[in-house]
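Just below is one structure, and these are the notes that go with it.
The values are calculated or read from the model by the stated rules, or taken from the named source; none is laboratory data. In this text the structure is predicted, and so the values were computed from the model without any measurement. Backbone-built Cβ (ideal geometry, glycine too); neighbour counts: all protein chains shown. Ligands, DNA and RNA are stripped out before the accessible areas are found, and what is left, the full protein with its side chains, is counted by its heavy atoms. Shrake-Rupley method; radii C 1.70, N 1.55, O 1.52, S 1.80 Å.
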Amino acid sequence: MSDILVLLDHTSTGALRTPVRELVTLARDLTDGGVHGVWAADGAEPSADALTELGELGVTHVHRLTSDADVRVPAVLAEGVVGLLDATGARTLLAVSSFENKELAAYLAVATGAGVVTDADALERVDGTLVVGKTVFAGTWTTRTAVRTPVAVVLVKANSVVVSPAPAAVAPQVGEHAFTASAGASRVRVVERTERPATGRPDLGSAHIVVTGGRGTEGDFTALEELADVLGGAVGATRVATDEGWIGHDAQIGQTGVTISPRLYIGAGVSGAVHHRGGMQASGTIVAINTDPDAPIFEIADFGVVGDLTTVVPQLTAELRRLKG
Amino acid sequence: MTRSIVVRVRWANRPRCTGASEGNVPDVKIVVCVKHVPDIQSDRQIADGRTVRDGGDGTLNELDENALESALSLVEAAGEGEVVVLTVGPDDAVDAVRKGLQMGADEAVHVVDEAIAGSDAIATARVLAAAITHVGGADLVVTGMAGLDGLTSLVPAAVAALLDVPALPLAAQLEVTGSTVRVTRHLDHASEVLEAQLPALVSVTDQANEPRYPNFKGIMAARKKPVTTLTLADLGLDATLVGAAGARTEVLEAAPRPAREDRVLVTDTGDAGVRLAAYLVENQLV
């Protein structure tokens with residue numbers, strides 16, 4: 001069976017983005033060939049730690065895609081990936097499900113005829129056919145989709161699979177795949193790019209635990225941040241909270257913001273409007289704290305507390321600290 | 001929080017992606033691609049591997065209202081130009097372009113053909129791109145950031161690729177100066193400012209603006225505006241490239257998720273925080 005490509009999303013210092021480890025874990029089960037990493041050489045090179053980690057996960061090759069054009073532009077990167085598919089004979093690309101990778105997938109689909117599935121949470125081969133699981137309609141339906149084309153591009157959501165190391169670690173071979181981008185692909189210019197500063201907390205999109213605040217916080221996220229820190233989780237927010245300017249727009253959870261499926265979601269002062277539910281309903285366990293017993297979020301909560309978050313949340317935080325010793 | 005539409009438009013030296021010949025430069029044209037989707041508040045269903053679209057709960061995809069608003073604001077700021085609202089979908093989908101006309105678009109195009117049913121995102125993009133070319137091209141194509149039914153966000157970049165124009169997706173701010181389009185966008189890990197020359201395609205987010213509501217005058221005026229209906233044959237598109245025949249993926253199974261079991265709801269009487277902590281520990285969630 002042919003090799004499989006995994007796009008290695010990374011930070012500006014060459015560290016792997018968290019969900020990439022899940023992609024490699026999934027990729028190993030889809031082929032008895034090699035798992036090849038694709039590294040867009042956008043100024044950052046793979047760090048020594050990243051290469052060690054990739055080796056432990058079973059990545060046999062890392063292809064650095066380099067170009068005279070700006071590989072941060074998805075239209076450009078797509079041309080490099082097309083070349084790499086040809087060069088390696090790989091027929092499948094896995095990438096993290098993000099807006100920029102959806103753009104990349106669209107270009108690949110047009111260029112290669114690939115079938116694309118976005119927001120996947122499971123992958124398997126059934127009699128040679130790639131079958132992809134995903135939830136749709138704001139997490140209320142589950143589907144299984146077969147990819148019918150020779151080339152498949154699957155974008156996988158974070159927290160879809162538990163990361164596991166390969167049976168035997170390898171030392172990945174690092175190679176360069178240089179390509180010349182077409183004039184057409186280079187028409188988009190990145191005038192400015194500002195990386196979001198690190199918060200010291202896990203990335204919202206891939207965190208295992210997310211503490212979310214809504215209108216009920218009335219703008220004070222202090223207690224929620226303390227709870228998140230005790231849990232080692234990320235802090236998210238509803239559209240109302242970000243529109244009010246209580247927290248940055250990058251914290252917005254919802255269909256048009258960050259879609260999350262953590263192991264544990266805790267919503268405080270969150271009513272559960274459909275736009276918000278669309279971004280979090282696939283979470284493992286849902287906890288809700290709200291003064292309004294009729295809040296729609298209670299319809300999907302595993303553990304609901306009708307109560308005031310300003311007393312319940314600090315009590316929860318204190319009790320968790322006590323239990324942790 | 002300000003929801004500013006940054007508009008400084010001077011249409012200048014504008015080449016169009018198709019159509020315009022020298023000496024006979026038509027008005028500036030913006031094509032807005034919209035989608036008719038099941039209302040997200042309704043009970044949405046999948047049957048035979050496809051989203052059920054004839055349940056009577058269809059509506060203009062909310063995120064496309066932001067696209068219409070951006071296009072209308074650009075034309076208003078420039079003091080010239082026309083906005084064409086375009087959709088692909090079954091008979092009912094005409095409601096989506098009518099809403100666009102009510103908001104202020106000048107004309108509407110509805111591509112409807114039985115062979116289109118079951119199209120995936122790329123096939124839909126193929127029909128949209130062919131329709132844009134058919135109506136004489138555009139200086140700017142504007143879309144919403146996603147359709148609230150499928151949420152794949154694949155269509156905008158695919159349309160751009162098929163039209164061979166640059167794509168600037170996810171604009172939270174959009175600015176057109178002369179023939180340069182500039183977009184500010186916020187991704188998961190970074191913010192970017194992108195630039196390209198017209199003709200181009202942009203998708204706009206729900207942060208980009210506050211869409212207008214159609215007023216009475218707009219609703220009345222919309223009745224007199226033209227809606228052109230086109231088929232695949234009109235577009236010269238091979239029916240085997242679209243619809244179920246051209247689909248690259250096939251939904252094998254779809255089922256509503258079972259309701260969550262063993263749900264607990266407590267009213268705080270002073271110890272809810274402690275009880276919640278016990279629940280989290282007991283279920284090995286922390």
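Data for the structure
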read-out: Extreme residue, nearest to residue A:99 (Cα to Cα), among residues of segment B:166-177 that are touching a residue at least 40 places away in the same chain (Cβ under 8 Å) and open to solvent by less than 10 Å² (accessible area, probe 1.4 Å); value: B:171
read-out: In segment B:79-104, residue most open to solvent (accessible area, probe 1.4 Å) [restricted to those that are under 17 Å from residue B:59 (Cα atoms) and not in a helix (DSSP H, G or I)]; value: B:90
read-out: Single condition residue A:78 does not satisfy, out of (1) in contact with a strand residue (DSSP E or B) (Cβ under 7 Å, 6 or more places away or on another chain); (2) facing another protein chain (nearest Cβ under 10 Å); value: (1)
read-out: Matching strands (runs of 3 or more DSSP E) fully within segment B:196-286 where at least 1 residues are open to solvent by less than 60 Å² (accessible area, probe 1.4 Å) and within 11 Å of chain A (Cβ to nearest Cβ); value: B:200-204, B:249-256, B:264-267
read-out: All strands (runs of 3 or more DSSP E) inside segment B:146-186 with 3 or more residues being more than 7 Å from every other protein chain (Cβ to nearest Cβ); value: B:173-177, B:180-186
read-out: Some residue of segment A:172-184 being away from chain B (no Cβ under 12 Å), farther than 30 Å from residue A:73 by Cβ, hydrophobic (A, V, I, L, M, F, W, C) and in a loop (DSSP other than H, G, I, E, B); value: no
read-out: Flag for residue B:51 being out of contact with any Leu (no Cβ under 8 Å at 6 or more places or on another chain) and farther than 29 Å from residue B:220 by Cβ; value: yes
read-out: Single residue of segment A:105-116 satisfying the filter (open to solvent by less than 10 Å² (accessible area, probe 1.4 Å) and in contact with a strand residue (DSSP E or B) (Cβ under 7 Å, 6 or more places away or on another chain)) that is nearest to residue B:126 (Cα to Cα); value: A:109
read-out: Counted residues, segment B:48-88 - those being touching a helix residue (DSSP H, G or I) at 6+ places or on another chain (Cβ under 9 Å) and polar (S, T, N, Q); value: 3
read-out: Flag if residue B:108 is farther than 15 Å from residue B:36 by Cβ, among the small types (Gly, Ala, Ser), modelled with pLDDT of 95 or more and buried (at least 21 other Cβ atoms within 10 Å of the Cβ); value: no
read-out: Filter pass, residue A:132 being within 30 Å of residue B:258 (Cβ to Cβ), free of Cβ contacts under 8 Å to residues at least 60 places away in the same chain and open to solvent by less than 10 Å² (accessible area, probe 1.4 Å); value: yes
read-out: Hits in segment B:116-137 - residues which are under 20 Å from residue B:66 (Cα atoms), touching a Cys at 6+ places or on another chain (Cβ under 6 Å) and small (Gly, Ala, Ser); value: none
read-out: Unique residue being open to solvent by 30 Å² or more (accessible area, probe 1.4 Å), assigned to a loop (DSSP other than H, G, I, E, B), among the polar types (S, T, N, Q) and not assigned by TED's automatic domain parsing to the domain that holds residue A:8 when the list is A:199, A:194; value: A:199
read-out: Count of segment A:240-278 residues which are of a type in the set (Gly, Ala, Ser), touching a residue at least 60 places away in the same chain (Cβ under 8 Å) and more than 10 Å from every other protein chain (Cβ to nearest Cβ); value: 1
read-out: Index of the failed condition, residue B:125 passing every other in (1) within 23 Å of residue A:256 (Cβ to Cβ); (2) open to solvent by less than 10 Å² (accessible area, probe 1.4 Å); (3) in contact with a strand residue (DSSP E or B) (Cβ under 7 Å, 6 or more places away or on another chain); value: (3)
